[in-house]
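Only one structure is covered here, and it is reproduced in the block below.
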Amino acid sequence: MTTNKELTNHELSENKINDNERSLKISKLKIIYLWFPIWRMMTKAKKISKKNYKTPGFYSEEYAYNFAKKSANRILKASNINITVEGYENWLDRGVILAANHQSNFDPTILFALNNFYLNQPMAFIAKKELWNDKKLGRFVRIIDCIPLDRESPRNALEAFKEAKELVVDYKRSLVIFPEGTRSKSQEIKDFHPAALKIAQMANAPVIPVTIINAYQIFKKDRPKKVEVKVIFGKPIMPSKHISLKTEDLSNNVRKVISENMEKYKDKDLIWDYKTINKINPKNEEEIRESIKKKTNPSPKKQKKKLKDIFNVVD
C-alpha cells in the first residue's frame, strides 16, 4: 500500500520533470542582453493588471492589447522561435473561432504574435482557471480578454461559453480554443472533446481550423537552437455549414482539417513569417503582398540564347 509520503515524493519528482520540460535553452549572452527588457515587461504587466483591477479602464483596452502584442514578440525573440505562416487570408476580420491543436504552453503566445490588429480582430482566450493564480502568467491573462474555465465544473463551463459568445458576437473577438483540452507535447493530435465547438454554434460564428507544427520542440531537451514553428490557417467553416451539425461531428470535421494540413505542410517551406505580417499597415499592405506574391510565384528566368541560335532563320 502506497503511503502519503511516497505519494508526495512521487508528485515532487513529477513536478521536477515538468519544470525541466518547461525550461528554455537560451544562450547566456541573450539572457544578459534581454534581461532588463523582459524584467520591465513583467513589471509593467503586473502594474497594468493591478491598476485595471482597482480602477477598470485605467489603461485602455487598446493600450493593454498593444502591450501584450509587443510582449509576445519579445518572448519569441528571447526564446529563439520563428513563425512561418500559410493561409493567413483565411483569418477573417470579424468575430471568429480559431480552433487549434495544442502542442505546448507557447501556443497562445505564438498565435497572439500573429495578431495584426489592422488585419484581424484582437484575440480572446478560454483558459484553465489555474493560470489566474500563476505569478507570471496571471498578470497577462488579466490584461487581455481571457475567460477562466474550471474543467471540473460543467456549470462553470456553460458560464464560460456564454461569456465567450458575448466576446465573439458583441465585441467581434477572434476567440482561440484548444479542443484537445491539454497539450500533446508532440506532433500527434489528440481526440477533440465533443462539446469543444459548441461555442461556435452558440455565437453563429465561422470556425477556422488552425494547425500548429513543431511548437512541441520548444521545451525538448534536445531542441534545435532556433525552433521553426509553422502555423496554418485552414479555410473557414461558415455558420451555414455547421449550424445544423452535431457538436461531435463539427469537432471531428475540424480535427480532420487540422490533421490534413499537418501532413501537407510539416515538411514544406512557407513564405510568410510573423515579422512580415506584423509590418503590414494601411500604407504598405499592397507593396508587401506584392513582394510575397513574387516570392510565391517567381517569374521564370530568361534563358540566354546560344550563339548558334542567334543565326537560326525562322521560316
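The values are calculated or read from the model by the stated rules, or taken from the named source; none is laboratory data. Note that the structure is predicted; figures quoted are calculated from it, not measured. FYI the Cβ positions are ideal-geometry reconstructions off the backbone, even for glycines, and counts take in every protein chain you see.
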Would you kindly identify the strands (runs of 3 or more DSSP E) lying entirely within region 78-155 that contain at least 3 residues that are farther than 25 Å from Pro194 by Cα and without any contact (Cβ under 8 Å) to a residue 40 or more places away in the chain?
-> none
Examine region 236-245 for a residue that is of a type outside the set (Ser, Thr, Tyr) and within 16 Å of Phe178 (Cα to Cα), and state whether such a residue exists.
-> no
May I ask you to verify whether Pro206 is within 30 Å of Glu61 (Cβ to Cβ) and touching a residue at least 24 places away in the same chain (Cβ under 8 Å)?
-> yes
When the residues of region 194-223 are filtered to those that are surrounded by fewer than 19 Cβ atoms within 10 Å (Cβ to Cβ) and assigned to a loop (DSSP other than H, G, I, E, B), which remaining residue is modelled with the highest pLDDT?
-> Asn204
Verdict on Arg74 being touching a residue at least 60 places away in the same chain (Cβ under 8 Å), among the charged types (D, E, K, R) and not in a loop (DSSP other than H, G, I, E, B) = no
